[in-house]
Amino acid sequence: MDLEQFEAEVLEVIENLPPHFQEKIKNIGLVIDDSGQDAEDKLILGLYQGVPATRKAGSRHMMPDKITIFKQAIEAVSPNQQSLKKNIRRVILHEIGHYFGLDDQKLKELGY
């Protein structure tokens, strides 16, 4: 999948979030990393960097949170287009879950 199509899939996932989640997501950037990775042989599909919403106090000004989606890694674990689209969705929802304060164990229980 080329980068433009991948971006369109990512945007579709974000645009189809339930409105009550969309309203609560604030001050966050979403980056698609199209480079390869070399993180000690660990395949990282997505990364949330920031302070989860459950830990943010009042209206303090903070640097934006960031979600990075690793395109090549997601493609590497996706044997076909249908799987690729499913994995894009799963990774984005997983990282948004971290934004809302969910840990990896809870996200696994939820299927993300």
Note: MET1 to LEU110 extended length (0.36 nm per residue) minus current alpha-carbon separation gives 36.5 nm
With Cα coordinates, the longest principal axis of the chain makes an angle with the long axis of helix 81-99, in degrees rounded to 10, of 20 degrees
Cα extents of the chain along the principal axes, largest first, in whole Å, come to 43, 33, 28
By the mean-Cβ-within-10 Å protection proxy, highest first, 66-74, 11-19 rank as 66-74, 11-19
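Provide the per residue accessible area, probe 1.4 Å, for the chain, rounded to a whole number of square angstrom.
67 Å²
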Along the dipole axis of the chain (charges at Cβ: +1 for Lys and Arg, -1 for Asp and Glu; origin at the Cα centre), the most positive-end residue among MET1, GLN22, LEU93 is GLN22
In whole Hz, the Karplus estimates of ³J(HN,Hα) for the range 12-21 (6.51, -1.76, 1.60; θ = phi - 60°; x where Gly or Pro) are 4, 4, 5, 5, 9, 5, x, x, 5, 7
For the range 1-102, the percent of accessible surface on carbon and sulfur atoms (probe 1.4 angstrom, ligands and nucleic acids excluded) is 52 percent
Restricting to lysines and to Cα separations under 27 Å from LYS24, and discarding same-chain partners fewer than 8 apart, the set is LYS56, LYS66, LYS71, LYS85, LYS86, LYS106, LYS108
Measuring from its Cα centre, the chain shows a charge dipole (+1 at each Lys and Arg Cβ, -1 at each Asp and Glu Cβ) which, in debye to the nearest 20, is 640 debye
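The values are calculated or read from the model by the stated rules, or taken from the named source; none is laboratory data. Please read these numbers as outputs of a predicted model, since none were measured by experiment. Reconstructed Cβ throughout: ideal geometry from the backbone, glycine too, with neighbour counts over all protein chains shown. We work out accessible area using only protein heavy atoms, side chains counted, and drop any ligands, DNA or RNA first. Shrake-Rupley method; radii C 1.70, N 1.55, O 1.52, S 1.80 Å.
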